[in-house]
Amino acid sequence: MRSMITATNTMSQLQKQIDTIGHNLANVDTTGYKKRQVNFSELLSQQFNNQPVNAQEEGRLTPNGIRVGVGAKLGSTNMMMTQGAIKTTDRELDIAFTKENQFLQVLVDEDGVQVPRFTRDGALYLSPTNDGTNRVSLVTSGGNPVLDQDGEPIVFVDDIKEIQISANGELSVVPEAGAPQLFTLSVVQINKPQLLQAVGQNQFALPDLAALNIAEEDVFVALQGDLREQVSIQQRALEQSNVDLSTEMSDLMLTQRSYQFNAKSISISDQMMGLVNGIR
């Protein structure tokens, strides 16, 4: 029965939307999290020519025949890069990006291979280097080293009096005695954020750009040299998730109602088939 097939197709796609909304709600308090929004598109439609050839009903504005769809599908899932609210923490290792599409570069170990990843989670920490020295490494909350503009982990002696981070990402480590150590955080501008792939721990990776025939410089730009002035960082603050709880709850209720409507269509179709069997 056509109504049963149409409802079944749509319900499977609505479940994916519910999963996406649930993921957004679960990360409403995740630092720097960017919500995801789904877009639907119509599946193929069928044309039924139930009128004589060259016949045109008086006053009809649409073409002859009946066009019947077979449901909807989830066309795309987009990451919304809108700026989240800035929350002051008064912690010197907390930083927040105040411009969209800017990310920190961090180093992640994947099966013994060190690969760079991107994140907007500015809750940073100091971790011992475990090399027998009194040095510490600047890391994320997940323990991944933060890179400088040369692609190297930021490491310095743990005799620290103060850490200062300027608006353009210049990090100054002031020791108890001696001259400050200067580092430059590796910050990139993502020009095509929809290509980013979420890999967990609030981090993103790039797909195989060669397979997509896309040049790396078209996807992101390292903000170095004269571009450094474009970096916008606020120290002692964190960027909150851009998930709007009221909007997500409204979308969840609408999606659930749509799911129930399609489930009811299947139930009614089943009753109709039962009536037909009874008549036979």
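The values are calculated or read from the model by the stated rules, or taken from the named source; none is laboratory data. All of these numbers come straight from a predicted model, not from anything done at the bench. Positions of Cβ are backbone-derived with ideal geometry, glycine not excepted, and every protein chain shown enters the neighbour counts.
Among the conditions (1) surrounded by 14 or more Cβ atoms within 10 Å (Cβ to Cβ); (2) at pLDDT below 95; (3) not acidic (D, E), L238 misses just one, which is (2).
Each row is one residue, and each column tells you yes or no for (1) more than 29 Å from L126 (Cβ to Cβ); (2) free of Cβ contacts under 8 Å to residues at least 12 places away in the same chain; (3) within 16 Å of the chain's Cα centre (by Cα).
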{"site": "I165", "(1), (2), (3)": "no, no, no"}
{"site": "V174", "(1), (2), (3)": "no, no, no"}
{"site": "G178", "(1), (2), (3)": "no, yes, no"}
{"site": "F204", "(1), (2), (3)": "no, no, yes"}
{"site": "E217", "(1), (2), (3)": "yes, yes, no"}
{"site": "A222", "(1), (2), (3)": "no, no, no"}
{"site": "I233", "(1), (2), (3)": "no, no, no"}
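Cβ-Cβ contacts under 6 Å between residues 6 or more apart (or on different chains), taken from a first residue in segment 27-49 that is at positive phi to a second residue that is basic (K, R) and part of a loop (DSSP other than H, G, I, E, B), are listed as G32/R120.
Applying the set (1) touching a Lys or Arg at 6+ places or on another chain (Cβ under 7 Å); (2) surrounded by 12 or more Cβ atoms within 10 Å (Cβ to Cβ); (3) among the small types (G, A, S) to S45 leaves exactly one unmet item: (2). Remark: L185 falls outside the filter, which requires a residue to be outside the structural domain of E92 (by TED's automatic domain parsing) and at pLDDT 95 or above. When the residues of segment 60-91 are filtered to those that are of a type in the set (D, E, K, R) and surrounded by 13 or more Cβ atoms within 10 Å (Cβ to Cβ), the one that is farthest from Q15 (Cα to Cα) is R91.
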